[in-house]
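Here the structure is laid out as structure tokens; the discussion comes afterwards.
Just so it is clear, none of the values below were taken in a lab; they were calculated from the coordinates. Computed from a prediction, not measured in an experiment: that's the story for all the values here. Backbone-built Cβ (ideal geometry, glycine too); neighbour counts: all protein chains shown.
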Amino acid sequence: MDNKVMFNLSYGLYVLTTKEKDKENGCIINTAMQQTSEPNCISVTVNKQNYTEQMIHKTGVFNISIIDETASFDLFRHFGFQSGKDVDKFAEYPDSRTAANKIPYISKGTNAYLSVKVVDEIDLGTHTLFLAEVTDGEVLSKEASMTYAYYHANVKPKPQAPKSEGKVWVCKICGYTYDEAKEGIAFEDLPADWVCPLCKHGKADFELVNKQN
Ligand code: FE
């Protein structure tokens, strides 16, 4: 099978935010979609490596902020490429507001948010799929929603081919570079479950950006 068929599915991009006691947290997902309108029900799938996923297990409530085409790469870096285990993503974060459910939503680079309550969940191994009922929401702007294709074409940094003694591999998702000369281990020799230190995507999402000398 040609695995490229999967690239032709289209996705939006979202900041999923939640709160457990005083801890507020959020992550980037591309897997929110409406499933039924009566009741108004959505599904989201969240990587279990995200701290946000563990918080939703306990609280069962979260917000989905819909990212629009004005969002900068900084939004993705802030919510996507660092963990809520290590940093407080809402400490002095200026572009959030608090929804009626007391959970923050993102107010810049987003065109709407939804508040939801989990009604069911399915363990998918690496991820958990949450089914959730929409309880509230608000339109924030008239900007077009950002698709994953738009992000790849216009938002993420263009890979630069750096000068190096060895091969350089770049993560197609976040732009992280793996320079074999600096790391001392050939990219092909990394274990199969190795993930990008920034965005946690796997080896398959890396591409070689220079030719070996
Ligand atoms: Fe990455």
**Fill in**
As a Kirkwood estimate from alpha-carbon pairs, the chain has a hydrodynamic radius in angstrom of 18.4
**Message:** Starting from a Cα-only point model with no solvent, please compute log10 I(q)/I(0) by Debye for the range 109-189 at q = 0.11, 0.13, 0.19, 0.27 1/Å.
**Reply:** -0.60, -0.75, -0.95, -1.16
**Request:** Give the Cα extents of the range 29-106 along the principal axes, in whole Å, largest first.
**Result:** 38, 31, 24
**Complete:** Output for the range 154-198 (equivalent-ellipsoid semi-axes, sqrt of 5λ from the C-alpha gyration tensor, Å, descending) is 19, 15, 7
**Prompt:** Which percent of Cα-Cα pairs in the range 6-54 sits in each 5 Å bin, short to long?
**Reply:** 5, 18, 23, 21, 18, 11, 3, 1, 0
**Request:** For the range 91-98, take each phi angle, set θ = phi - 60°, evaluate the Karplus expression 6.51 cos²θ - 1.76 cosθ + 1.60, and give the result in whole Hz per residue in order, putting x for glycine and proline.
**Result:** 5, 6, 7, x, 9, 10, 10, 9
**Request:** Please identify the longest segment of the chain free of exposed GluC sites (Glu not before Pro), where exposed means a DSSP state other than H, G, I, E or B and no more than 11 other Cβ atoms within 10 Å.
**Result:** 1-91
**Fill in**
From DSSP H assignment alone, runs of 4+ in the chain each adding -39500 (n - 2.57), the sum over residues rounded to the nearest 500 puts [θ] at 222 nm at -2500 deg cm²/dmol
**Item:** Gain upon complete extension [residue 8, residue 47; 0.36 nm per residue less C-alpha separation]
**Value:** 11.9 nm
**Asked** How far, in nm, would the chain grow between residue 183 and residue 90 when pulled straight, counting 0.36 nm per residue and subtracting the alpha carbon separation?
**Response** 30.2 nm
